[in-house]
Amino acid sequence: MKRARLAALTLAFAMAWTPMAMAQDTGPPPPADETVAPPPPPPDDGRTPPPPPVVIVDDAPPVSLTGREDRPRFRWGISLQGGALMLPVLTAEASSSGSVSVREETLWLNQIGVVGQVGMQINDLVGVYLKPSIDVMWGDVAGMHLSLAIMGDFTFLDGLLTAGVGFDMGGFFGFGGSIVQVDILVGDLYGARLHFAVHPFVGEDAPPGPGRKGFSIGIDMRLLGGAVAKASTGVEGAAASAGTEFFFSPMFTIGYTDF
């Protein structure tokens with residue numbers, strides 16, 4: 001009886017001790033958020049190509065210090081102009097008695113009118129445009145002068161000064177005389193035009209607008225040639241004048257330019 005009871009106690013103690021021993025031998029579980037570090041990169045032996053360079057392309061137009069974009073824009077302007085045409089001609093006169101005389105003379109024609117600009121300002125430096133004008137003439141005869149110039153110019157010193165050059169062409173007609181004589185003058189002219197202007201007051205469009213605008217004072221020097229003819233008739237006889245020589249014609253301008 002005692003042996004049976006001792007055997008039963010021994011079996012119960014063994015069954016209770018076994019789970020406790022297994023729990024002590026098993027380590028704690030790894031944390032749930034523990035990650036495995038990646039393997040280190042292979043050593044650089046000089047054969048690995050370098051990464052490609054990064055190229056940044058900036059297509060935005062240049063911006064001035066005031067935030068205004070320097071890009072192409074419409075250009076226009078209008079000004080009053082005044083100057084003179086000095087036409088060298090050769091005149092042949094036939095008197096009522098039948099004698100003929102030839103002399104050189106210069107026909108002086110004052111001019112005042114309106115000149116415009118219509119074209120494109122490519123950037124703050126370069127502009128290309130048409131320059132039409134219409135003038136009233138008076139002097140040796142009275143009439144009208146129409147012209148058109150194709151111009152290109154450059155603007156410096158932040159819009160203060162402009163200088164340009166172009167091709168000029170035009171035509172005129174006039175009538176004059178007195179009670180005893182009638183004069184008719186016609187001509188077509190072509191040549192070069194030099195343009196210089198100062199803009200003492202220049203404003204800018206609100207950013208990012210590209211335009212500039214200002215009060216302009218200028219002078220145009222026109223080197224012109226072509227065919228000029230004048231016919232006169234009266235009670236004292238008739239005369240004919242013709243000229244083809246080149247001559248200078250200065251024109252002064254004052255007005256507004258949006259460039």
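The values are calculated or read from the model by the stated rules, or taken from the named source; none is laboratory data. Bear in mind that the values here come from a model prediction, so they are computed numbers and not experimental data. Because the Cβ atoms are built from the backbone with ideal geometry, glycine has one as well, and the counts that use them run over all protein chains shown. For the accessible areas, the whole protein counts, side chains as well, though only heavy atoms, and no ligand, DNA or RNA atoms are used. Shrake-Rupley method; radii C 1.70, N 1.55, O 1.52, S 1.80 Å.
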Here the FRET efficiency for residue 161 versus residue 186, based on Cβ atoms and R0 = 30 Å and rounded to 0.05, is 0.20
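Using the alpha carbons of segment 106-245, what is the convex hull volume per residue in cubic angstrom, as a whole number? Present the calculation step by step, with values, prior to reporting the outcome.
Working: hull volume 14.2 nm³, N = 140.
So the per-residue Cα hull volume is 102 Å³.
Multiply the residue separation of residue 194 and residue 144 by 0.36 nm, subtract the distance between their alpha-carbon atoms, and state the gained length in nm to one decimal.
On the way: separation 50, 0.36 × 50 = 18.00 nm, distance 2.21 nm.
Using 0.36 nm per residue and subtracting the Cα-Cα distance, I get 15.8 nm.
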Residues of segment 220-254 with backbone N under 15 Å of the label point set 7 Å from the Cα of residue 93 along Cα→Cβ are 231-242
For 183, 140, the accessible-area ranking with a 1.4 Å probe, largest leading, is 140, 183
Sorting 173, 74 on solvent-accessible surface, 1.4 Å probe, most exposed first, gives 74, 173
Plugging the Cβ-Cβ distance of residue 105 and residue 78 into 1/(1 + (r/R0)^6) at R0 = 30 Å yields, to the nearest 0.05, a FRET efficiency of 0.25
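What's the FRET efficiency of residue 229 with residue 112 using the Cβ-Cβ distance as r and R₀ = 25 Å, to the nearest 0.05? Walk me through the numbers on the way to the answer.
Working: r = 24 Å, r/R0 = 0.96.
Computed FRET efficiency for residue 229 and residue 112: 0.55.
Note the direction-averaged projected area, equal to a quarter of the hull surface, for the Cα convex hull of segment 95-185, in nm². Provide the component values of the computation, followed by the final result.
On the way: hull surface 33.4 nm².
Dividing the Cα hull surface by four gives the mean projection, 8.3 nm².
Sort 182, 100, 198 by heavy-atom solvent-accessible area, probe 1.4 angstrom, most to least.
Numbers: 182 80, 100 105, 198 50 Å².
Sorted by accessible area, descending: 100, 182, 198.
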For the pair residue 205 and residue 246, the simple spin-label estimate (label points 7 Å beyond Cα toward Cβ) gives in nm 3.9 nm
